[in-house]
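Working notes, structure below.
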Amino acid sequence: QVQLVESGGGLVQAGGSLRLSCAASGRTFSGYAMGWFRQAPGKEREFVAAISWSSGRTRYADSVKGRFTISRDNAKNTVDLQMNTLKPEDTAVYYCAAGLSLTSSRPTAYDYWGQGTQVTVSS
């Protein structure tokens, strides 16, 4: 079992930045791709970004390309999401997830999920 805990959410003005972090614990983290998803009120959970185990491959939703950067530190069992130039439409609960499918954008490809952290971007 892998436990995932997100942190770093909060309230920020449009154009600002936030850095989310996800810490993994439990069974070995080895081999897992990591993803970030988000869910706004009344909307389905949507893919944001993913990174392979080796960090050799990353994938981003079109809506965040050029603004968000995903990274990971396997020695620390953490994965981060640096979010720049935030927009009000980025407001959502952000979840990290772990799965063995390489940088998939499908929520069903991920086996473990955190509880989420709220990001609110004011206009």
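The values are calculated or read from the model by the stated rules, or taken from the named source; none is laboratory data. From a predicted model like this one, the values you see are computed outputs, not experimental measurements. FYI the Cβ positions are ideal-geometry reconstructions off the backbone, even for glycines, and counts take in every protein chain you see. Calculation scope for accessible area: heavy atoms of the full protein, side chains included, ligands and nucleic acids excluded. Shrake-Rupley method; radii C 1.70, N 1.55, O 1.52, S 1.80 Å.
Here S30 clears all of (1) over 11 Å from the mean Cα position of the chain (by Cα); (2) of a type outside the set (A, V, I, L, M, F, W, C); (3) open to solvent by less than 40 Å² (accessible area, probe 1.4 Å) except the condition numbered (3). The set of residues from region 57-74 being within 12 Å of the chain's Cα centre (by Cα), of a type in the set (D, E, K, R) and more than 14 Å from L102 (Cα to Cα) comprises just one member, R72. Residues in region 51-66 that are open to solvent by less than 30 Å² (accessible area, probe 1.4 Å) and out of contact with any Phe, Trp or Tyr (no Cβ under 6 Å at 6 or more places or on another chain) were compared, and the one that is nearest to G15 (Cα to Cα) is V64.
Count of region 77-101 residues, restricted to those that are part of a loop (DSSP other than H, G, I, E, B), touching a strand residue (DSSP E or B) at 6+ places or on another chain (Cβ under 8 Å) and either among the hydrophobic types (A, V, I, L, M, F, W, C) or over 18 Å from Q39 (Cα atoms) (or both), is 5. The set of residues from region 106-123 being touching a Gly at 6+ places or on another chain (Cβ under 8 Å) and either open to solvent by 60 Å² or more (accessible area, probe 1.4 Å) or farther than 24 Å from S25 by Cβ (or both) comprises D111, Q118, T120, V121. Scan region 71-103 for residues that are open to solvent by less than 10 Å² (accessible area, probe 1.4 Å) and within 19 Å of T58 (Cα to Cα) and the total you get is 9.
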